[in-house]
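The values are calculated or read from the model by the stated rules, or taken from the named source; none is laboratory data. All figures in this text were calculated on a predicted structure; none of them were measured in a lab. Cβ: placed from backbone, ideal geometry, glycine included. Neighbour counts: every protein chain shown. Protein only, heavy atoms only, side chains kept; ligands, DNA and RNA dropped before computing areas. Shrake-Rupley method; radii C 1.70, N 1.55, O 1.52, S 1.80 Å.
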Protein chains: 2
Amino acid sequence: MAEHITAFDISEKSVSVTTGTLLTEAAHEAGIDIAQPCGGQGRCGRCAVQVTDGSVRSRSTLRLSAEDVARGYVLACQAVVEGDVNIHVPPQEKLERRLTTDRTVAEVAVPAGYNPAVDQTVRRVTLTLTPPSMDDQTDDWSRLQTAICQKTGIGELQVSLPLLRKIGPVLREEEWRVTAVLDVSQPPGGSETSGRLVDVLPGHIPADAPLWGTAVDIGTTTVSVWLVNLLTGQVVQQAAEYNRQIRRGEDVISRIIYASKNGGGEEMRGLVLETINGLLERVVKRATRDSRLETENVQSPISNLQSPTSIIKATITGNSVMMHLLLGIPAASIRLSPFVTAVNHIPLLTAKEAGLAIHPEAPVDCLPGIASYVGADISAGVLSSGMDDTEKVSLFMDIGTNGETVLGSQDWLVTCACSAGPAFEGAGVQHGMRATRGAIEEVWINSSTYEPTYRVIGDTRPKGFCGSGLISLLAEMFLTGIVDKGGNFNTSLPTNRIRQGAHGWEYVVVWSKDSNNGSRPDDIAITHVDIDNLLRAKAAIYAGFMVLAKSVGLPLEAVEQVLIGGAFGKYINVEKAVEIGLLPDTPWENFHFLGNTSVLGAYYALLDQKQRARIADIASRMTYIELSADNSFFEAFTSALFLPHTDMTLFPSVAKEMMKDES
Amino acid sequence: MAEHITAFDISEKSVSVTTGTLLTEAAHEAGIDIAQPCGGQGRCGRCAVQVTDGSVRSRSTLRLSAEDVARGYVLACQAVVEGDVNIHVPPQEKLERRLTTDRTVAEVAVPAGYNPAVDQTVRRVTLTLTPPSMDDQTDDWSRLQTAICQKTGIGELQVSLPLLRKIGPVLREEEWRVTAVLDVSQPPGGSETSGRLVDVLPGHIPADAPLWGTAVDIGTTTVSVWLVNLLTGQVVQQAAEYNRQIRRGEDVISRIIYASKNGGGEEMRGLVLETINGLLERVVKRATRDSRLETENVQSPISNLQSPTSIIKATITGNSVMMHLLLGIPAASIRLSPFVTAVNHIPLLTAKEAGLAIHPEAPVDCLPGIASYVGADISAGVLSSGMDDTEKVSLFMDIGTNGETVLGSQDWLVTCACSAGPAFEGAGVQHGMRATRGAIEEVWINSSTYEPTYRVIGDTRPKGFCGSGLISLLAEMFLTGIVDKGGNFNTSLPTNRIRQGAHGWEYVVVWSKDSNNGSRPDDIAITHVDIDNLLRAKAAIYAGFMVLAKSVGLPLEAVEQVLIGGAFGKYINVEKAVEIGLLPDTPWENFHFLGNTSVLGAYYALLDQKQRARIADIASRMTYIELSADNSFFEAFTSALFLPHTDMTLFPSVAKEMMKDES
């Protein structure tokens, strides 16, 4: 096989690769990671590079304009080397941190009546052992075990080899005075009084010294980490960061595809562990800088926050794909019919096994999921929403790619996932983007001039639309008549913003002179294709509600409260979401925006074993409805492919508003 | 600190070290491992090297003759560099393989009535699962777990993360036909119906395909490994090899000292793992060469012996120090009063945790010990001797450094360790050596001429005495009057073989012209100091019997059988051992030589969980008597410091023979 020199303008070295090597692979060898949000499927167009010299063969140039192709642009994930080449790598979209999710620490109330001695599975026990003598030559481990069991009532205690290695020296360091850390989580098959030794430390740690734990939510987009004092229940720090897997796919399907490639699974695992471990470093650093936490006379490494290894328990939630990728478990079967996970109830792990950089023996509790597209984030979300504990009929939804929806009350729970696609996360839309600096998050259109005004995240020039911006824009276009019920453009309106573009009719929101799109300045517009994608996404979500309600024989009006989880929910303008038919037309007071219900549920489970058991109960009693196997779904979906819906009686407030406009 | 060039004649490179560096350390840096049988304590003299140029300072030259010191010999473990030096390293004693312990496979009878379906904890189950469908989206692990539990009656099944990673692909490889391997050993706190998944493999492995296990005995000197087909119970291969830790100390005390040094514990662990893993490679290679084992149509990696990773269960025994060093657990407390171990009952481990190169998920069962100097080798030895299951009063002993002794019957068991020292293993005796090629193993002395004849292992010229040779020699010297009851030389006998040597009076067995001692030829003699050491060793063992008998109020004559375990036992001439007062004077038919009772016990425990439970029962009900805290021991020891004993009524047959000689 011939070898060819491949040079990249932003790399210091050229690489020699064989004919047929993908440009993304050659770039990787040259030390450049080109973002592949769609997982290298040639769908997203984000990996465009320019061939400035030499020859490549390109399988597909979908998503590139004729002009770009003429200028030598190719998709790096679709183009293979067939001679010496020079490649220009344009500045990649930077993953800027969402400004609102990181430092803004919401005050989280400690659950009323939290009692660590009863609720918490991790406990600290101080012991003063009788030293061995010629009359009592009991071995160190039996001596320690007996003392712990006597003091705690635990019947059987498990211990790992690394701990057996340290017991002898630790017992003797402060003359047989030690502090043991135990976990009494119930492993499968364990008796009710069994426990596991997590650590043993010399001397007596004061009873009020903190005991550190963490709740982790692995979102497809954002990973959130809370640092918690398990003794008081207090959330001491919060931090969030983009999931570093994003560079290998923006949605779960792209990530499964990438992970299924040779070595991809290990890379995905490494990327999310990097993200979590980085966040743990950050919360620990911030907490140690916080002078209120200085505890004098506490020198023990597990109480004084020296590093994340002071953390001795973690509870993790996330959707089923995120959980599989975190643990390096193949996720391929999630994507393929009949859509099954490898595992929903993950056994209790140690941090060492899971790869978390906290105390290696710390229990790591991955919360249980329900199905391939209804994961532990939903089990945890239902718990923290409280919908499983009220007589009210509630609709719980996490608006996003998977559109997980739960309908139920204390007596019953049904759930489905709508496969809405990533349109509301800014993908699959020409000028879509995540809700970062430069994203348009709200739009208003003048109903006479059709001129838009907009609000941009970060008070800068706009780059594109995030999900809430798209909802807002679509509602305004509908209400001002720019598009009709079917989403078709009214091309006869007196404005140059409605025009024929490369992909058909479009509406221009920002002229290129006012935009901020780097080396390839462009008008920021929404196209007919984009609108179709958005209609399909919102129709899928709304059809999900319909199917759930029908499955239990309830009319939609029976829903007494709509609980919206997920970070995205916080930014939605409900009125506009109702206007496009994304959310059901219910009085405003019935809507509740709960923020990140997933991490909140993990926090409750981290603190209280009864809450943990409740999540397991939620996961096992929730009835999952597979929409792709449900006959009524397609009909409900088709009826919902309109603004706001074919059946306007379902949207009385929108009908009323339109009548008002027309009058 | 000044740097000095240190050159070794057998190394290609010189090293630069600071003033004060030990020669052993400098040698290590130069890639030369100098044997330190005493653990670098300056006691054994085996690490002698010759300074041919330059300057060292030596803390001790104990064990070196004045002549050697004059020739520049120093002990490498006691001499530090203080200038540039050139060092001559004499040929080290090679650890030649004992000819009789390796290839000679004794026929081991499979226990009568062995039924793997009931007795064996490791089981293979073939399953044909119902594939998932849109109507049954159960996750892979639940599907597999349910099928296993239904077929086996197991209630709860544990699974590791590495297995969760492979389940999905394996289930789909042969269309939901799989073979699961389970371990139903009872972990502490586990319910009676819990189990653990060891592996899952595609397709159905035939019911009669072998299932591989191994029994391992870690002796201080020799490590033995048996390869066993767990389905038939058959011992397919045996191999033994010197424990590679020997180069870092010949006895357990030296090894504890070495392991307590920085990095020493990890090195010791590595050396014994190397030994075991090397033996596993060897038995597997031999078994695969054995054509009788070819099983057609069995392509599965756990049945076809491809490598030691086909082995899916290990049972390990050994004394307490060997167990601690195997697992990297600090053993320092074993050596120091009040002599306690870190752990006697080691939890069930996996091969991955233990470091064994068998199937990483294989259960590794380390058998329980009783005390610092009465380990799992004795628990296992008592089991395989059967003394815990008979009405007869039995004396079980393992003659060696620790002189472990057990007295008892089915109703009671008492035990002690005599700290005999390593004299019977050839250490602490000037011309002592292990029972390898060149060791004198039996001596006869002409009672008129005082000329000896002898038998040498391997039919070669002699190098020294092994333990059985020393017993034989001492008995002959006593019976021919060369030494008296107290071990003192009769210096008036008409032979030039009794002479004054460098260490006082000695008896020359081999003149240097007939010996085979390499570059430092020497007469092979036994000295007054050697005899004192042997007397102390045999007195300690005999005094142990006395104390045990006294502790239960029985006369020694009540002992109905004497069971001798350990490889050494096989080579002892009982008559001579009685003559020197090492063994009690009981009719010959009461002596039973059982060979390696330790590995045999491990083999029984490997096969049968009832036998494993019986070993745990033996370990917990055996009463340990600490001799160093026992007032009667010193008196019994002092009385036994004579040939054969102060109280000749205890040795009627010897008294009778002496009367016969005198008549």
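Within a straight-line Cα-Cα reach of under 21 Å, B:K660 can be paired with the following lysines, leaving aside sequence neighbours fewer than 8 residues apart in one chain: B:K485, B:K576. The alpha carbons of the stretch B:423-534 stretch over 33, 26, 25 Å along the principal axes, in descending order.
In loop segments of the stretch A:351-450 as defined by DSSP, the GluC sites (Glu not before Pro) with at most 13 further C-beta atoms inside 10 Å of their C-beta are A:E391.
Kirkwood analysis of the protein assembly as shown, using all unique Cα-Cα pairs, places the hydrodynamic radius at 36.3 Å.
Between B:M648 and B:T460, the FRET efficiency estimated from the beta carbon spacing at R0 = 45 angstrom works out to 0.70. Under a model in which nothing but the beta-carbon of Lys, Arg (+1) and Asp, Glu (-1) is charged, the protein assembly as shown shows a dipole of about 1320 debye around its Cα centre. Calculate what fraction, in whole %, of the accessible area of the protein assembly as shown sits on carbon and sulfur atoms when a 1.4 Å probe is rolled over the protein chains. Carbon with sulfur: 50 percent of the solvent-accessible area.
Stokes-Einstein diffusion coefficient for the stretch B:249-380 at 4 °C in a medium of 1.567 mPa s, Rh from the Kirkwood formula over Cα pairs: what value in µm²/s?
So the translational diffusion coefficient is about 81 µm²/s.
Based on Cα atoms of chain A, Rg over Rh with Rh as the Kirkwood radius reads 1.02. Taken about its Cα centre, chain B carries a charge dipole of about 700 debye when Lys and Arg each add +1 at the Cβ and Asp and Glu each add -1 at the Cβ. Distances, shortest first, from the label point of A:Q306 to those at the same position in the other copies read 4.3 nm; the point lies 7 Å along Cα to C-beta. When the Debye formula is applied to the Cα atoms of the stretch B:153-264, each taken as the same point scatterer, what base-10 log of I(q)/I(0) results at q = 0.15, 0.20 Å⁻¹? Reported log10 I(q)/I(0), two decimals: -0.91, -1.06.
Kirkwood radius and radius of gyration were both taken over the C-alpha atoms of the stretch A:571-657, and their ratio Rg/Rh is 1.10. Each Lys or Arg adds one and each Asp or Glu subtracts one; over the other residues with Cβ under 10 Å from the Cβ of B:G264, this totals +2.
Under a 1.4 Å probe, what is the accessible area of the stretch A:3-88 per residue, stated in Å²?
I get 46 Å² per residue for this part.
Within the stretch A:517-610, the GluC sites (Glu not before Pro) that combine a DSSP coil assignment with at most 16 other C-beta atoms in a 10 angstrom radius are A:E560.
The angle between the Cα long axis of helix A:140-152 and the main principal axis of chain A comes to about 80°, on a 0 to 90 degree scale.
The stretch A:128-165 and the stretch A:390-429 have Cα centres spaced 50 Å apart.
Here the sum of -39500 (n - 2.57) over DSSP H runs of 4 or more residues, divided by the residues of chain A, equals -8500 deg cm²/dmol at 222 nm, to the nearest 500.
Ordering A:W588, B:W444 by how much accessible area each has at a 1.4 Å probe, largest first, what is the list?
Descending accessible area places them as A:W588, B:W444.
Distance between Cα centroids, the stretch B:450-468 to the stretch B:542-612: provide it in whole Å. What the calculation gives is 26 Å, centre to centre.
Mean partner shielding of peptide B:349-356, defined as the number of other chain Cβ atoms within 10 Å of each residue Cβ, is 1. With respect to chain A, whose longest principal axis is taken over its alpha-carbon atoms, helix A:528-551 is tilted by about 50°.
For B:V578, the solvent-accessible surface with a 1.4 Å probe is about 10 Å², rounded to the nearest 10.
In this simple spin-label approximation, A:V552 and B:T193 carry label points 7 Å from Cα along the Cα→Cβ vector, and these lie 3.4 nm apart. Extending 7 Å from the Cα toward the beta-carbon at both A:T495 and B:E451 defines two label points whose distance is 12.7 nm. A label point on A:E575, set 7 Å along the Cα-to-Cβ line, lies at 11.5 nm from each of its counterparts in the other copies, closest listed first. Projecting the Cα positions of B:L157, B:P169, B:Q186 onto the charge dipole of the stretch B:121-202 (unit charges on Cβ atoms of Lys, Arg, Asp and Glu, taken about the Cα centre) puts B:Q186 furthest along the positive direction. A dipole drawn for the stretch A:519-579 from +1 and -1 charges on Cβ atoms has a positive end, and of A:L554, A:Y542, A:I572 the residue lying farthest that way is A:L554. For chain A, the longest principal axis of the Cα atoms and the long axis of helix A:467-479 meet at an angle of about 30 degrees.
Between A:E635 and A:T128, the simple spin-label model (points 7 angstrom out along Cα→Cβ) gives 7.7 nm. Given the stretch B:3-88 reduced to its alpha-carbon atoms as identical point scatterers, what log10 I(q)/I(0) does the Debye formula return at q = 0.22, 0.25 Å⁻¹? Calculated log10 I(q)/I(0) at the listed q: -1.00, -1.28. Taking all protein chains as shown and a probe of 1.4 angstrom, B:E82 keeps an accessible surface of around 70 Å². Shielding of peptide A:152-162 by partners, expressed as the average count of other chain Cβ atoms within 10 Å per residue Cβ, is 3. Taking the Cα centre of the stretch A:212-366 as origin and assigning +1 to Lys and Arg Cβ atoms and -1 to Asp and Glu Cβ atoms, the resulting dipole is close to 280 debye. Check the straight Cα-Cα distances from A:K610 and name the lysines below 18 Å, setting aside those fewer than 8 residues away within the same chain. Once the sequence-local lysines are set aside, what remains near A:K610 is A:K313. Starting from the label point of A:D459 at 7 Å along Cα→Cβ, the same points in the other copies fall at 10.1 nm, in ascending order. Can you pull the percent of Cα pairs in the stretch B:497-632 with separation above 19 Å? The answer is 69 percent, as a whole percent. The calculated FRET efficiency for the pair B:S60 and B:N516, based on their C-beta separation and a Förster distance of 25 Å, comes to about 0.30.
Mind checking which of A:A112, A:T309, A:Y624 is farthest towards the positive end of chain A's charge dipole, using Cβ charges of +1 (Lys, Arg) and -1 (Asp, Glu) about the Cα centre? Looking along the dipole axis, the top candidate is A:T309. Each eigenvalue of the Cα gyration tensor of the stretch A:331-473, multiplied by 5 and square-rooted, gives one semi-axis; in descending order these are 36, 22, 16 Å. Taking the stretch B:1-33 and a reference point 7 angstrom along Cα→Cβ of B:E82, the backbone N atoms nearer than 20 Å belong to B:1-7, B:16-27.
For the stretch A:371-428, the solvent-accessible area with a 1.4 angstrom probe is 22 square angstrom per residue.
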